[in-house]
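The values are calculated or read from the model by the stated rules, or taken from the named source; none is laboratory data. Keep in mind that this is a model prediction, so the values were computed, not measured. Every residue, glycine among them, receives a Cβ derived from its backbone with ideal geometry; neighbour counts consider all protein chains shown. Calculation scope for accessible area: heavy atoms of the full protein, side chains included, ligands and nucleic acids excluded. Shrake-Rupley method; radii C 1.70, N 1.55, O 1.52, S 1.80 Å.
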Amino acid sequence: TGTPKGIACHQRGLANLAAAQIKAFDVKADSRVLQFASFGFDASVSEVAVALAAGATLILAKREMLFPGDTLAQFLDSERISHVTLVPAVLAMLPCTTLPALETIVSAGEACPGELADRWSNTRTFLNAYGPSEITVCATIGRCAHGDPQPSIGRPMANMEVFVLDPGMRLVPVNTEGELYVGGVGVARGYLNNPVATAERFVPHPFAATPGQRLYRTGDRARLRKNGSLDFLGRADTQVK
């Protein structure tokens, strides 16, 4: 549904991503993090940076060892993986086996169904993460509780900020649908050699404390709950996530 674009990110955004996710995911020096995402997917940046910055072990695998279902479950078990990030479509195919070493599951890349979050949050930490590549992989993280009918995408990571705005870029009331904008240190420089697309999506920050700050216009619809967490409601356009 679109033409691939190169995104020029800042090194400070990557450093912030690693530090914030290490804390949120509780990654320690003895953790074993699976490199599941292909290097063409921005989640791979998170997997590599988080594992290495924490001094943890990054587990690489041949693609045939990562086929969704029993094959992946057997690999998680044999390699004693403690932390894994999976898209819901893959997680849905993972059998609910014991997996005693698995401590933290992160769902990312697409909307997470409530049934899926409920299934896995009963026995281990289950996090629902959200963020387009243009803000350096991840903007918000929410911890899902067993029995929650609709998984939230949570709250902004450290040094990130989010706003739900109307078409005039005004804040909408709580529990009201709007478009999600993201700001903070993770916002990229823009699209490489594409100033028109950059100007369309990286817009001036209307609530900035200092001049020159920008927000990334995600094109995603969202709603802010009373408790400050966010609900993802799909796209505001025809893009397929």
By the gyration tensor of its Cα atoms, with a ≥ b ≥ c the square roots of the eigenvalues, what is the shape of the range 83-201: rounded for a/c under 1.5, prolate for a/b over b/c, or oblate? prolate
For residue 213, placing the label point 7 angstrom along Cα-to-beta-carbon and taking the range 158-186, residues whose amide nitrogen sits under 13 Å are 159-163, 182-186
Candidate aspartates and glutamates - alpha carbon under 17 Å from residue 5, same-chain residues fewer than 8 apart omitted: 42, 134, 200
Keeping all protein chains in place and using 1.4 angstrom, which order do 140, 3 fall into by accessible surface area, from largest down? 3, 140
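Do the sum for the chain: with -39,500 (n - 2.57) for every DSSP H run of n ≥ 4, divided by all residues, what is the mean residue ellipticity at 222 nm, to the nearest 500 deg cm²/dmol?
Computed mean residue ellipticity for the chain: -6500 deg cm²/dmol.
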Below 15 Å, Cα to Cα, which aspartates and glutamates can residue 23 reach? Residues fewer than 8 away in the same chain don't count. 47, 103
Protein-only accessible surface order, largest first, of 237, 231 at 1.4 Å: 237, 231
With point charges of +1 on the Cβ of Lys and Arg and -1 on the Cβ of Asp and Glu, referenced to the Cα centre of the range 139-207, which listed residue (164, 174, 199) lies farthest in the positive direction of the dipole? 199
For the range 30-91, what percent of Cα pairs sit more than 18 Å apart? 28
